[in-house]
Structure formats: structure tokens, C-alpha cells
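One structure below.
The values are calculated or read from the model by the stated rules, or taken from the named source; none is laboratory data. Quick caveat: nothing in here was measured; it's all calculated off a predicted structure. Cβ placement follows ideal geometry from the backbone for every residue including glycine, while neighbour counts extend to all protein chains displayed. In case anyone asks, the SASA skips ligands and DNA or RNA and just uses the protein heavy atoms, side chains included. Shrake-Rupley method; radii C 1.70, N 1.55, O 1.52, S 1.80 Å.
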Amino acid sequence: MARNVGIYTRISRDDEGDSLGVARQRQDCERLTDLRSWQAVKVYEDNDVSAFKRNVVRDEFELMLTDLRAGLIDGVVAYDLDRLARQPRDLERLIEVFDDRPRLEFATVTNDVNLGTPDGRTMARIMVAFANKSSHDASRRIKRKHLELAQQGKDSGGPAPYGWRKDDRSKVDAAAAEVIREAQREVLAGVRIGTIRTRWQEQGFGNPREGTKRMAHHHVEHILTNPRLVGYRTYHGEILHGEDGRPIMGEWEPINTLEEWEAVCSAVAERKQKHPGKALARKYLMSGIARCGLCKTKIRGQINQRWTPESKAAKYTYQCSVVNGGCGKVGRTGEPVDRLIAQLVLEEQRARAAVTAVPAEERWPDESELEQVTQDIAQLVEAERSKQITVATLLQLLPAKERLRDELKLRRARFYKEQKQAEAKGDTANLTVDEFFTLPIERQQEIVLHSLSAVIIHPAGRGKRKFDPSLIEPVWR
Ligand SMILES: [Zn+2]
């Protein structure tokens, strides 16, 4: 069973220059998570390298503790103990959670300690106590040197980032740069990073890791928003500024103009505000919608570890899980459930659209009444102005007319709003099931949730192999 873990990364002051940037920590942690067949559902990223934020509370660390206690994640993957818990006080609070929830997972990339075992916890306490005492002066001096070079705009070493030539990372790789620019145009047109990621994986773009085509979502996002694209020199993910307050320019060819790059960054940031955490959280149509027929707990989708393209095994299943507080007794293969629900929902929406649809050209029927009352008001005002009636008379007659006018305007607005909504509904109602499944998963869920508040999956009984649609109960809104 895939367990949901959180990845914790942090840049510490001592990391300066040793290239253990957040991106690399995270990449290594993700690799480890894959190896263990866990699922990384959240990344917690603290940065206490900034001179302005010394001794700052580690917000993401606190959030991670809260999520662990609440059972939102079932474990932690970090680069090493030093990055996870530097102060004995932090370590003790973390250990407390592990004491309370003994089945939590734990792993570090350097494999220096395991908080999942009592012995490992003792070891961790000793290590943190020593780290606190020891001096890092020598390594600090070397790291200062790296920072100095960065401040001069010198490029860092290592393999060329995607977009620059492998043999000379100061020169643009024209083909890769065009791939980046095309994806940026798509982002500005509203295409999701996840969609671009899928396409890049299919086409082998974006320098995926050796031996795989898979790329992390944040990796693609980074390629499209990297400050390096406009020539800015960064240091551990932050743009370096010179003494004049201007960004330090690196010694390499840029790919974007400042305008292009800023537009893409703001489009990505805006999307994130609207859908925080969504990209990571939702993978299966029924996630967060399906509930167990026995205990009514929300059921999540799980990838089936035994699935291969050749085998007949289900690709994924919906499983009531003890880890999430459920009874663990109900599960179903995923695809037939998704297809059934898609069919039901699309049928229902088609039927509803047929009943409620207001023909697009149809005008609001009371337009002339509104026109009349508007004229009445104008005439009254004019009558007062030309002294045919007194102000007192005007003010006696006017309020009722105004109320009628406002009421009519409101009804007209409501009429057209419903017409537009019916049109929009009609769009989804005309989808075929196959078209439905080509939509982004968020959109699919939106359509399902428009008709259903939940889907209850009833127990199928022992040895029952064939999918039985009558045991899948849609709860209509
Ligand atoms: Zn259950």
C-alpha cells in the first residue's frame, strides 16, 4: 500500500555553496520516496539562509508537525538529520509525534538516522547534541568563497540546466530554448504545468533523470520560471543583488526578456493561489468523493503495485484504508468505478440541460415593462423640472417606480445568468465518456461534483470478482 509521506527540505546557513540547494535535496528525497514505494503528497520547504530572516520560526516545519499529528501525512523524508532538526527542542517535538504514532515512516537520503525506531531516536538525540557543539568554521570559509564567486556573476559548476548547451553552459541550446518558450506561451494561454509535464515526458524534453522519462512537477515549473532565463544569478534559489540593489547578472546568454519571464512567473503564481496544493493532491477521479459503504470514511485511490501493461490486474484501486481512519474492509478496482460514475453524471447533466436550458437567443420577456417604468421615472423628473408638479408630489410618486425598476433589473440579471449557466452545463452534457476522460482531473472532478455530493462504495463480499455496478451508489445533489 502506497503511504503518503511529506518531503522536508531546508537551506541552512551552513549549506552555502555546497550546492545542496532545495531543488537537489527535494530531487534526492523524491527518488528515495519512489524507492520505498511511498507517495510524496506534500513538500515542506524552509529557508533560513536569508540574512533578513535569521532565527526565524520554521513555518513549514511547524506545518509538517501539525500535518503529522493530524494524520495528513504518514511519515517524513528528509535529506539528513541536520536539515530536519538542528535544535534539540525541534527534535524532541518531532520524536513526540513518532512516539504517539508508531507506524509513521521515516527516511533520510544519507541514511544517517531512523526516527522510526527507538534506537534511531536515541542516536538522533546524540547527533543533534554534538552538531550543536561542533564548529563549522573551516567549511564556512570554503562556502564563503562560493558565495563570493556567485556575487561576481560567475556561473556555478555541474551539468548545464535545460535550455543551455551541455558542452558549454554559458551558451543557449537553441532547440531546448524554443521548447521552453513554447511551453511558456502555453502557460500564459492557461495550460497547466501538469499538462506540459506530461507532454515533455512523452517527448523526452526537459532533461529528465538518467534512465527515466519522469519529471517532477516542480522541476518543469522551475525550468519555465528559473531566474537564470533572464540572466539573473541565483544563490540557493534566491536572486542575488549587488550593492546598488540591482540583480547580479550571470555570465551566460539569457533565453527570455524580462517582460516574458515576469509574465510567466506571475501566471504561475496566480494559478498557485487559486489552487493551492491541488497539483500534488489529486490523482484519481474519486479521490475525496468516494466513501466506504461500511464506515463512510473517504476512500482514496491507490496505484496497484502489481500492475504492468501486460497483466490483467487493475491499474489502480479505491481502498478504504486503516491509515486514514477507515475500516480497511472495502475496496474496488478503480477504472470501472470511474467509467460508471462518468456515464451516470454525463447522462444526468444531459437530461437536466434539456429540461432547464433557455434557448440562447431568447430575450428576457419583460424588457418592455422595464422600458415603460424607466420612461415613467424620466417623465416624473421632467415634470418637476418644468414645474408641472411639486417636489413633494415627485417624492411621493418616485420611490414606488424606482423599486419596480430595480426589481425588474434584478430579474433580468437572474434570467441571463441562468441562461449562461445552462449554456455552460450544456457544454459538459454534450461530452462523451471518452472525451470526459481527456479533461484534466480537476475539471473531471468539478463536473462530477456538480451532480454528486459523494459516491458510496458498498462491500462486494468475499471472492466476488466481477464488477457489480449496483454496489456503487451515487449520492445526487
Ligand atoms: Zn471502511
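Average accessible surface for segment 334-477: 64 Å² per residue, computed with a 1.4 Å probe over protein heavy atoms with every protein chain in place. Peptides 404-412, 33-41 ranked from most to least packed, by the mean per-residue count of other Cβ atoms within 10 Å: 33-41, 404-412. For segment 334-477, the number of Lys pairs separated by eight or more positions or lying on different chains, with C-alpha atoms closer than 21 Å, is 5.
The peptide list 445-453, 151-159, put in order of mean Cβ contacts within 10 Å with the highest first, becomes 445-453, 151-159.
Under the 0.36 nm per residue contour assumption, what length would be gained going from the current alpha-carbon distance of Glu310 and Val433 to full extension?
Length gained, Glu310 through Val433: 41.8 nm.
For the cross-link pairs Lys42/Lys296; Lys42/Lys272; Lys166/Lys283, which exceed 23 Å when the distance is taken from alpha carbon to alpha carbon? It would help to have the intermediate numbers written out before the result.
Working: Lys42/Lys296 25 Å; Lys42/Lys272 14 Å; Lys166/Lys283 34 Å.
Long pairs (Cα-Cα over 23 Å): Lys42/Lys296; Lys166/Lys283.
Using the average count of surrounding beta-carbon atoms within 10 Å as a protection proxy, the listed peptides 308-315, 338-345 rank, highest first, as 338-345, 308-315.
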